[in-house]
Structure formats: structure tokens, C-alpha cells
Amino acid sequence: VRHKDEGRRQWEGAVSRWTAKMGCVTRTYLPCVVLLLCALSLLSYMREEKHIHLAQLNVSTLRSSFPLVGWRSSSAVRTVHWPPPPERSNGYLVVRCNGGLNQQRSAICNAVLAARIMNATLVVPELDTNSFWHDRSGFSGIYDVDHFITSLANDVKIVKRLPYFLVNRRRKRRLKPIQMIPPRNALPDWYISVALKKMREHRAVYLSPFAHRLAEDLDNPEYQRLRCRVNFHALRFREDVMNLSSSIVSRLRSGGHFLSIHLRFEMDMLAFAGCVDIFTPEEQKILLKYRKENFAEKTLISSERRMIGKCPLTPEEVGLILRSLGFDKSTRLYLAAGEIFGGERVLQPLRSLFPRLENHTSMATSTELQKFSSEGRGLIGPAVDYMVCLLSDVFIPTYDGPSNFANNLMGHRLYYGFRKTIRPDRKALAPLFLAREAGVIEKEAFEMKVREAMGGSWLSGLQRRVPPESFYTNPWPECFCKPHARMQAHRCPNPEHMLAQDDGDDNSSDIAA
């Protein structure tokens, strides 16, 4: 909006100077000329920046994919200097990916890249069994292991387990790696100098923990494209997860378009953010106790946190935003969330605004529900939520701070067909919600102000990645190409050099229809 206003002022100034100089334009035509030039300026700006303002969109427009404007997703290698892995590697790399499903997912991408950097043979990554989700099924319980190995064969060698070696003629023993703790956001130099030295000494290294242990912003675009090949092609969920996701998507689509919402309103996030004053005194005690036991001591004032946009949106606030944007009671919403703190009491305002509120539990059959409650397979629910949100018409993250689920999904939706994502500006919206709660703003004025506050929100489209935005949230331009781009770095590779993955072999391909 700021750029649009500046553009309008520049055009008006230019026209005024031209008119004064020429003295041949009458007052009758001057407003029309100014209006026309301003419109052309705005259209040119929007076309160049590839974004659309929510205040100018209707509901039907929101549900369509963003125009491709000549770009396509591509993680294919674009250089001849990317040979396949040699027959003999420098040793074995074992990693333990801690955290939830999507933190583990980015760690797996980093593990593959680290193995490539070190010329190491990667052992299928271990997944944290002590995470919040209590999933003990491991990598093979969530992902298609054989597909993971074969799809990356041109990049790294991957084995399912460490090999045995002969101790003597009668006895053999599995290779035991030496454990190391990588620095947080380590540069490739650390892996080449420190980790590789240990690998050559011991034949295998075990890196644990392995969350955020390789820097995201790397100068080598081929490294970033490898991450995209892992994230969007090699990491395909197991067949039973894909089939369950497909069934739920089909049921949701039978009623028309649907929106997905990642509602980050669990106890751990609320305690971490310090957002407690909207709850009852008893609930506040629970949150404060949890924060004291699990996070570093820090004085946080809940009302101040909310005003600067550091609190997750409440379910009611999400409903009010959607209503202000023109979605009515007939809209079907899919809720991807953990256990909502406050339960049905805090969900009720959203449900009253949108009665067709669903989640994987309400959309699954009794037989399918048994899979969600299977002992030791706690990541099935988040995996299904991920796929349903990926294929929804519109995705709405309510908190894109330290949320790996939302960040990864926004990047995947961008890669998979430029699908629309609404990112509410919590800081701009906070005063409006407070004014509504105080009863000092009418409904019509509130909804208009919400649309104005949302006017600068990015939908999908291509935009430059600005720190601290994550590469996994926005993999442009490294993982996109344009057939006839002016810049060589943005140009699509020759067909004979392109990888098969770019033809749509990703998590969503099996259920896109």
C-alpha cells in the first residue's frame, strides 16, 4: 500500500509538471489522465512484485491458484558440476532428528545435504521417539523408505542400517559410530573440516541432536535445490498415510471448496508466547506453571505481547477474519491442530460462525480412527493434517512464528502449484480485536478495517525471501525456473538434464486428483 501511494504521488507530480509546461490539457481531461496513469502504474507494480491485496479480492478469487506468470517449480540440477556419488564414500553418516514431524522433516533435508557435502553414505535418519507425539514407529512408520533411497540415488548413497564388519573369522559386529554434537546452524566448512576428519578416523559419525544444525542460507543454489528434492519429492509418506489423506480430501471436496486452518493454540505454544490473559484464572495458573517448568525465566506481559503480534490468533479471531473477507456459514473449514487449550469452550465461537468445522477425527471412519490411536504411531495425525492442508483451496496459518508445520506447508504449497495462503497480520489486527471487545467499533466498520489491515498480507505468489524468513517457507528463486528468463540462473535447464522428480513425483501426486 505504501509503494502504491508513493507511485500515485509520483505520477500525479509528473502529470502536473507536464501540464504546467505544455499548457494544453484542459481541466476536463486532467483527472482522467491522472486516473489512467495511476491505474497503469499500479498494475505494473503488481505485475512486477507478483502479489495481490486481500482487500481487492473476492471469495471465488481466493479459492483459485495463483497465476504462474511463466514460473514453474523445479529442483532439477542446473549445472554439469554435480556428479553422482562415487562408488566409495568417506564413511557413514547417522543422524537423530528431534522435534515434531516438520522439524524432523527439515532435519532430514539437512542430513541429506550434509552427506553430499562430506561425500558420506547416509544411514536412513533416526526420528525422535520421545517427542510430544510419542511416535516409536521410526522413519519407516511415516515415510516410504524405498522411494526415499531410490529418488536420491543421483545425489547421495543411502542405506537402511549400518553394516557389519568382521572382528575375526567367527564373529562380526555392527559398525559403531562416534557421537558428535554439531553447532547450531553450522556452515558447510564445519562438516568438511571437523566432522569429516572424525568420519575418516572412525568410519562413521553419529550427529545428535540434529535440529537446525546446518545453516539455511547458503550461497550454493544447488545445495538449496537438493533440499527441495528431498523435501518435495523424496519424502513421500507411506501408502496407508496417503490413502487415508486421500479419503479425507475426497470427502471434504464432495461438499465443494474447503479451507484449512493451522490453529496453533496448544498449551506449549501459549505458554511459550506468554499469552495467558484471555483465559480463566485456573487456566492461567496452568500455563504459567508450564512456562516456569519448561522455558527460560523471562518477564512477559500478555497484553503487550498481543499488541505486537506475538500471540497466536484465537479460534474466534480466525472466524472473524474469515467473515470479514466474505466467507459465510456454508464454508467448510478443516482444522489442523493438536489439543486445543481450553477445549470446546474456546472453539465454540469459531464453530458458531462456521458450523461446518471439521478435523481428521470428524472426517475419518471408525476403522480409520483406529490408525490415529494406534500405540506408538502418534505422527499419523500430523502427517494426514499436512497432506489435507497441502491440497486445500486456501491455507491459513494462525501463528507462523516458531511453527515448523505452517512454515513448511507454505513453502510446499508455493512449490506445488502456487496455492493460496492467507497470512494474517496479527500486529495490525490486534487493535481492532481489542476495539471490538471494548464495544467501541460497529460490525460494518470492524469488517472494513479488518480488510484494510489484511490488505498487505501475502497470498501465494512469488516474493523475495527476506530474513528471517525461512528457506523452507519460501524456496524462491532457487527451486523455481522460467523457460525464457532473462537471467541465466532463473532459466529452466535443458530437458535432457532435468530430473524425473520435476514431473510431479511428490507427496501430493498420488492424491491431487
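Within segment 132-156, being closer than 15 Å to Ala111 by Cα and modelled with pLDDT under 95 holds for one residue alone: Phe139. Within segment 379-401, one or more residues are among the small types (Gly, Ala, Ser), within 19 Å of Phe265 (Cβ to Cβ), crowded, with 19+ Cβ neighbours inside 10 Å and out of contact with any Ser or Thr (no Cβ under 7 Å at 6 or more places or on another chain). Looking at segment 176-192, which of its residues are more than 32 Å from the chain's Cα centre (by Cα) and open to solvent by less than 100 Å² (accessible area, probe 1.4 Å)? Selection gives Pro177, Ile178.
Among residues of segment 78-93 that are under 19 Å from Lys197 (Cα atoms) and touching a residue at least 60 places away in the same chain (Cβ under 8 Å), those with a Cβ under 7 angstrom from a residue that is part of a loop (DSSP other than H, G, I, E, B) and small (Gly, Ala, Ser), sequence gap 6+ or separate chain, pair up as Ser89/Ala120; Asn90/Ala120; Gly91/Ala120; Tyr92/Ala120; Leu93/Ala120.
For every residue, the table says whether it meets (1) modelled with pLDDT of 95 or more; (2) in contact with a strand residue (DSSP E or B) (Cβ under 6 Å, 6 or more places away or on another chain).
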position	(1), (2)
Leu252	yes, yes
His257	no, no
Ser260	yes, yes
Arg264	no, no
Gly274	no, no
Phe279	no, no
Ile286	yes, no
Ala296	no, no
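Does Glu201 fit the bill of being open to solvent by 10 Å² or more (accessible area, probe 1.4 Å) and assigned to a helix (DSSP H, G or I)? Outline the logic, then answer.
On the way: open to solvent by 10 Å² or more (accessible area, probe 1.4 Å): yes; assigned to a helix (DSSP H, G or I): yes.
Yes: the conditions hold for Glu201.
If you filter segment 52-79 down to residues that are surrounded by 14 or more Cβ atoms within 10 Å (Cβ to Cβ) and β-branched (Val, Ile, Thr), you find that the one that is modelled with the lowest pLDDT is Ile52.
Among residues of segment 255-277 that are closer than 18 Å to Leu350 by Cα, those with a Cβ under 9 angstrom from a residue that is of a type in the set (Lys, Arg) and open to solvent by 10 Å² or more (accessible area, probe 1.4 Å), sequence gap 6+ or separate chain, pair up as Phe258/Arg332; Phe258/Arg356; Leu259/Arg63; Leu259/Arg332. Filtering segment 154-175 to residues that are surrounded by fewer than 12 Cβ atoms within 10 Å (Cβ to Cβ) and not charged (D, E, K, R) leaves Tyr164, Phe165, Leu166, Val167, Asn168. Whether a residue is closer than 21 Å to Ala107 by Cα, open to solvent by less than 10 Å² (accessible area, probe 1.4 Å) and touching a Pro at 6+ places or on another chain (Cβ under 9 Å) was assessed, and Arg213 does not pass this test. Annotation: Trp82 fulfils all but one of (1) open to solvent by less than 10 Å² (accessible area, probe 1.4 Å); (2) of a type outside the set (Val, Ile, Thr); (3) out of contact with any Pro (no Cβ under 8 Å at 6 or more places or on another chain); the unmet one is (1).
When you check Ile192 against the structure, is it in a strand (DSSP E or B) and hydrophobic (A, V, I, L, M, F, W, C), yes or no? Steps first, please.
Values: in a strand (DSSP E or B): no; hydrophobic (A, V, I, L, M, F, W, C): yes.
In short, no.
Exactly one residue out of Phe418, Phe480, Phe471 is in contact with a Leu (Cβ under 8 Å, 6 or more places away or on another chain), closer than 30 Å to Asp219 by Cβ and modelled with pLDDT of 90 or more, and it is Phe480.
Those helices (runs of 4 or more DSSP H) of segment 244-325 in which at least 3 residues are open to solvent by 30 Å² or more (accessible area, probe 1.4 Å), considering only elements entirely within it, cover 267-273, 281-294, 302-307.
The values are calculated or read from the model by the stated rules, or taken from the named source; none is laboratory data. Every value quoted in this text rests on a predicted model; they were computed, and no experiment measured them. Don't worry about glycine lacking a Cβ; one is built from the backbone with ideal geometry, like all the others, and counts go over all protein chains shown. With ligands, DNA and RNA removed, areas are computed over all heavy atoms of the protein, side chains included. Shrake-Rupley method; radii C 1.70, N 1.55, O 1.52, S 1.80 Å.
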